[in-house]
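In what follows, a single structure is set out as structure tokens and then discussed.
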Amino acid sequence: MTPVGRGRAPGTGRPGWVTAGLGVALAGVVGLHWAIPNSPGRVGSLVESFLPWAGVVVALLFVIALVRRSGVGLVALLLPVAVWVQGFGGLLLPGDGVRSDARELVIVQHNVSDENPDPAGTARALAAAGGDLIALEEVVVPALALYEDVLGADYPHHVVHGTVGLWSKYPIAQERLVDIRPRAFEAGWSRGLRAVVRTPYGDVAAYVAHLPSVRVGAGGLASSPRDESARMLGDAVRGEEVGAVILMGDLNGTVDDRGLGPLTSQLNVGERGFAFSYPAGLPLARIDQVLARSATVGHIRTLPATGSDHLPVTARVTLNPLQVSGRFAP
């Protein structure tokens, strides 16, 4: 008597259908992540924080299907591959290594860490990147003088509010604090600023922000303060009168996370590069962002590690050539 299952063609058993089912389910998660409910535990935001890694899962399923010679599994995996490529494939395209447009600004963004053992070395590394603007978060008073001293030669214009700062090669005007403090936080919490940078191409409203941290625990993602702060920052950007806006900061969220929707719904995100920036030792997500309005954020990439638990990121921002009354059109 032939044992049950013996004699089946390779790949026609249950494992092939399991692989196929997992592939279809994964395609649904990536393509319809917005439909995942955010309560309890802000599950939707948690899934969205790691969406790019679905590509690794697809690759593992592909290997399993090949090993099992599952035709059903291989065909079914074409769906999640197509969905992933549609959502993230463009980030894999290489960026041009040189400036390609006369209206381009190079941005350097870094959470330098309030426990950084070598702020002067960090500042030298950031200056060497050759950016036009450098945005820093977690700038604490003991290290501030070092950042000012090292960056001052190449960046003669700077402004600091609370623990965030902006260094610029071009003059800064109309600088002020931006209040993004959640209601439950103490009055001294200050992590947002806005300044007008007088670039050779026109005025740019530069925002630097450090949104509250999120925590992942047994109850899911704890992000309420971050989400509240993002809404406040989104309101400030929405009311901005200067057409061209560049937002730089540690936003404690990825651009796919719906918690940053008040920002990503009105600002352009990076078109090239994953630039996973946190944690520095094993980067899993990009929570350090460069976003823009009336401008395109081109290639975004990480820079070598400093004394921080974040990696620096740098991006090229091409400003919209249209102007209204000397200001960039939205």
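The values are calculated or read from the model by the stated rules, or taken from the named source; none is laboratory data. The structure displayed is predicted, hence computed values, not measured ones. Counting neighbours? That spans all protein chains shown, and the Cβs are built from the backbone with ideal geometry, glycine included. Only protein heavy atoms, including side chains, enter the accessible area calculation; ligands, DNA and RNA are left aside. Shrake-Rupley method; radii C 1.70, N 1.55, O 1.52, S 1.80 Å.
Counting the residues of the range 32-75 that are free of Cβ contacts under 8 Å to residues at least 12 places away in the same chain and either hydroxyl-bearing (Ser, Thr, Tyr) or touching a Leu at 6+ places or on another chain (Cβ under 6 Å) (or both) gives 1.
If the requirement is being surrounded by fewer than 24 Cβ atoms within 10 Å (Cβ to Cβ), of a type in the set (Phe, Trp, Tyr) and at pLDDT 95 or above, which of these qualifies: Tyr278, Tyr201? Break it down into steps so the answer makes sense when it comes.
Numbers: Tyr201 fails: at pLDDT 95 or above.
Exactly one of Tyr278, Tyr201 is surrounded by fewer than 24 Cβ atoms within 10 Å (Cβ to Cβ), of a type in the set (Phe, Trp, Tyr) and at pLDDT 95 or above, namely Tyr278.
Residue under question is Leu105, and the condition is that it be out of contact with any Gly (no Cβ under 6 Å at 6 or more places or on another chain) and on the phi < 0 side of the Ramachandran plot; does it hold? Criteria met by Leu105.
Conditions (1) within 17 Å of Trp189 (Cα to Cα); (2) in a loop (DSSP other than H, G, I, E, B); (3) in contact with a strand residue (DSSP E or B) (Cβ under 9 Å, 6 or more places away or on another chain), marked per residue:
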| residue | (1), (2), (3) |
| --- | --- |
| Arg231 | yes, no, no |
| Ala236 | no, no, yes |
| Glu241 | no, yes, yes |
| Gly261 | no, no, no |
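For the range 129-174, the set of residues classified as in contact with a helix residue (DSSP H, G or I) (Cβ under 8 Å, 6 or more places away or on another chain) and closer than 24 Å to Ala187 by Cβ consists of Leu136, Val139, Ala143, Val160, Gly165, listed by residue number.
Could we say that Asp132 is crowded, with 20+ Cβ neighbours inside 10 Å, of a type outside the set (Phe, Trp, Tyr) and over 26 Å from Ser213 (Cβ atoms) here? Walk me through it before giving the result.
Working: crowded, with 20+ Cβ neighbours inside 10 Å: yes; of a type outside the set (Phe, Trp, Tyr): yes; over 26 Å from Ser213 (Cβ atoms): yes.
The answer is yes for Asp132.
Of all residue pairs spaced 6 or more apart or on separate chains, those with beta-carbon atoms under 9 Å, a first member in the range 211-224 that is open to solvent by 40 Å² or more (accessible area, probe 1.4 Å) and charged (D, E, K, R) and a second member that is modelled with pLDDT of 80 or more and not in a helix (DSSP H, G or I) are Arg215/Leu221; Arg215/Ala222; Arg215/Ser223.
If the condition is being farther than 24 Å from Ala230 by Cα and open to solvent by 70 Å² or more (accessible area, probe 1.4 Å), then the range 159-192 contributes only Lys169.
One line per residue, one yes/no per condition, for (1) open to solvent by less than 50 Å² (accessible area, probe 1.4 Å); (2) in contact with a Pro (Cβ under 7 Å, 6 or more places away or on another chain); (3) in a helix (DSSP H, G or I):
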{"site": "Thr19", "(1), (2), (3)": "yes, no, yes"}
{"site": "Pro37", "(1), (2), (3)": "no, no, no"}
{"site": "Gly41", "(1), (2), (3)": "yes, no, no"}
{"site": "Val47", "(1), (2), (3)": "yes, no, yes"}
{"site": "Pro52", "(1), (2), (3)": "yes, no, yes"}
{"site": "Val57", "(1), (2), (3)": "no, no, yes"}
{"site": "Gln86", "(1), (2), (3)": "no, no, yes"}
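Residues in the range 284-310 that are open to solvent by 40 Å² or more (accessible area, probe 1.4 Å) and part of a loop (DSSP other than H, G, I, E, B) were compared, and the one that is farthest from Gly131 (Cα to Cα) is Leu284.
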